[in-house]
Every structure is written in structure tokens, then in C-alpha cells.
There are 2 protein chains.
Amino acid sequence: MVELLESGLAAVPGRLLVTDACSTKAAVLAAAGKLDPRHSFVGGHPIAGSEQRGSAAADPDLFRDRVTVLTPTRSTSADSLARVRELWAALGSRVVEMDPRVHDRILALTSHLPHLLSVFACLAAAPALEAAGRDFFGSGFRDISRLAAGSDEVWRDIFLTNRDNLVQDLETLVRLVSEWRSVLERGDAAAISAGLKEAALIRSRLLRKERGGASES
Amino acid sequence: MVELLESGLAAVPGRLLVTDACSTKAAVLAAAGKLDPRHSFVGGHPIAGSEQRGSAAADPDLFRDRVTVLTPTRSTSADSLARVRELWAALGSRVVEMDPRVHDRILALTSHLPHLLSVFACLAAAPALEAAGRDFFGSGFRDISRLAAGSDEVWRDIFLTNRDNLVQDLETLVRLVSEWRSVLERGDAAAISAGLKEAALIRSRLLRKERGGASES
């Protein structure tokens, strides 16, 4: 998308309204600045999807009741914004507007760091594969490693275009590791319980009104 | 289980064959040393289960084609070991014998560290909940955070009884974070791709012959 925008689409006749559905927005918006001024651009990101690809995985309700973030800037015309908003609304999505940098900061915490944690779970487990083979892996490992099965090209680009936020999140992770290491080393049962309860509470608050509505805990 | 074994079961009449299904084995084996010598103990751990509880969640095929680890020691009688082995075989499980310390080392990598990573994903995401609310969480976050919804009492005890291995795994995690931070800071696309591919490969090797056999990636 960045390369497409940077080409400016100068060779394309007429006037285009261009939008996107990329997982990071700041880099896309920066590239959109190079678009031929005949065209207009509205950044978008639907918070929905799956690891599947291709027309066989198509789902007409994929965006229904999900949020789509649009990231208008001062140069976005009201007309262009309204047309892209109508597109997502027609798919059943709830549209919110947000600064692209705020979008990227939030998505780093809710999607990009989780993806990297899934990758870490796989990389850390490699010695166990050598020692014991695949039969020692239960459903917990299957769940937590699912993200790491995603497209390496897609995720390379997400990581590259949101790397400043991701580096900041790795600092948070280092702090969490340090805290838990200390708690484990001193065998602090109360602190371990409190941390586990806090994590479960955060999860239940985050997913309370998830589509489908099934209780999961 | 540790408390039960440490009581020695001295007040129980007759001779008991005692076994368990706990997720860590070294601490259970140490406690079993206090059992009244009339009784005998064989440690066990089926690599199967779910986050659900209660009789409504019962599954007669839960252990079918899954591995159960038994951890006999020098004091385990051949007869006791054979009887516990038959129990698990009757449930369809494949039984392997392993040193309890090796079991705990492997499970730290394949289950206990992944659980803690799921907890970290939730704890790290808390600021996003404050900033944007729950609608910014997609299916990826739901998957990776599922483990953190488990029982805090069960996982407190697992973490406490396997804390030395878990601390060692947190050192591995610190090394991974440091490597990825460096790769991200210098925007090394080739190294990011290589790491993502390696993680996906490890996952596919680990889960290749998973029960159900459905291809997932």
C-alpha cells in the first residue's frame, strides 16, 4: 500500500477516491502525502479478520457489528470521508474516527505485541521439541501459537511500520518479566494470584461484548 | 495434592496405591516421600484437558491418543507402575515414562511459559482498554488471552511448584525481547521475516499430528 501511494498514482486518469484497510496507519498516511493532488485519500482499518485467505474464506458478516477506524487529516475532504464512511456502514460496521498515531499506539497493544508474544512462545519452545517431540503440546499451546501461523510477509510489514510503538511495548514486557521473575523467585503466592486475577479481569472486560456473545471464562 | 501427600495418609487403613494428574511433578514426588510406607505412589500427568470444569464438561475421549507421562522413581514398585499404566491405557492414552525433573523442564516451555505470555498480553493491554475500549480487540487477542482466563488457584500452584524452570524460561524471554528489539530498531526486514518463518515452522512441527488432524495454517 505504501509503495502504491508513493507512486502518486499520477499515471491514473481522472480523479480517484483512495482508501485502504491496513493494520497500521501512520506510515500509510505519510505515504498518502505523495498522492497526486487530483486524488483524495481516506485511511481505514476494520478491526476484524481471520488468518484465512482467498475467496473460499469470504464471510459476508465479517465486518458486521465490528469497529472500523477511519483516520482523516486536515487535508481530507468532508465528501471523501462521508463516502468511505458509507462504504463501511453498508457492510454493517461501526465507524469511528481517530488520529492515525493514536490508532497505531492502541493496535500495538491489542494486536501487534500479542502477535509477537505468540512468536516468542514458539521460538522459546523449540528446545522442548528436540527433547520430547510434538506430543507434549496441549490445547493451550495450540491457542497461544495460532497467531504465529499467520503470513510472515503481512506481519513483517506491520512490525516495520509500527516498530516505534512495538519497541515501547517490549519495554513494558521487560518490566512485566522483571516483576514476575522477582515474585516467582521469592515464591510470593499472594502476588502470583493477584496478577493472574488481574489478567483474567482485563480479558473479561476487553471481550465482554464480543460478537457472538458466548461466555468464555 | 502436595498437602495430601505430606499428611502421609497415615490415618487411612489398609494399603493404598496413590497416583495424581498434576501439571508439575518434582514437587509432588518430593511430597510423596512423606507417604506412610504402607502406601505406594506413582506420579502421572496426562497432556490433555481444557479450561472447562465440572461434570457437564466431561469428555470420554479426552485422553484418547494423547500422551500421559508417568514418573516412576527407584522406590516405585513394578506392580504399582503396571497398574497405573493400565489405567491410562484403558482410557486410550499413550503412556511414556520420564524423570520428573525432565517433565517439569519440558512442560515449563510448552505450557507454563505460554500461560504466562497470555497473562502478559492481558496486563500489557490494560492501557488500551482505558484509551479505546473493548471494541479494538480482534480474534487474535481473544486466542492469545484465552489461557489467562483459567483458574488462578490452579495456575498459582503450577507456577509455585515449577518456579525454577519458569525463571529460567523468563531468561530466555528476555533474550528474545532483546534480539527483537534490536532487529526492530534497525528496521531489519530480512531478520523479521526469518524470525516469523522460524516461529511458524516450529509451530507446524509441534502440532503436525495433533488430534483431529485438521490443517490450521
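Overview of results
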| read-out | value |
| --- | --- |
| In Hz, Karplus ³J(HN,Hα) per residue of region B:128-143 (6.51, -1.76, 1.60; θ = phi - 60°; x = Gly, Pro) | 5, 4, 5, 6, 10, x, 6, 6, 8, 10, x, 5, x, 5, 4, 5 |
| Sequence-separation-based contact order of chain A, relative, with Cα cut under 8 Å and 6+ spacing, percent | 17 percent |
| Exam field: A:Arg175 pseudo-label spacings to other copies (7 Å along Cα-Cβ), nanometres | 2.6 |
| Long-range amide H partners of A:Arg94 with built H, under 5 Å | A:Asp65, A:Arg66, A:Val67, A:Thr68 |
| Angle between chain A longest axis and helix A:189-207 axis [Cα atoms, degrees, rounded to 10] | 30 degrees |
| FRET efficiency, 1/(1 + (r/R0)^6) with R0 35 Å, evaluated for B:Cys22 and B:Glu198 via beta carbons | 0.60 |
| Separation in nanometres of the label points that stand 7 Å from Cα toward Cβ, at A:Leu9 and B:Gln168 | 5.6 nm |
| 7 Å along Cα→Cβ, label-point gaps from B:Asp59 to other copies, nm, shortest first | 2.1 |
| Nm distances between copies for B:Ala189, ranked from closest, using label points 7 Å along Cα→Cβ | 5.4 |
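Computed from the coordinates by the stated procedures, all read-outs in this text should not be read as laboratory data. Small disclaimer: the values here were computed from a predicted structure and weren't measured. Every residue, glycine as well, gets a Cβ built from its backbone with ideal geometry; the counts of neighbours run over all protein chains shown.
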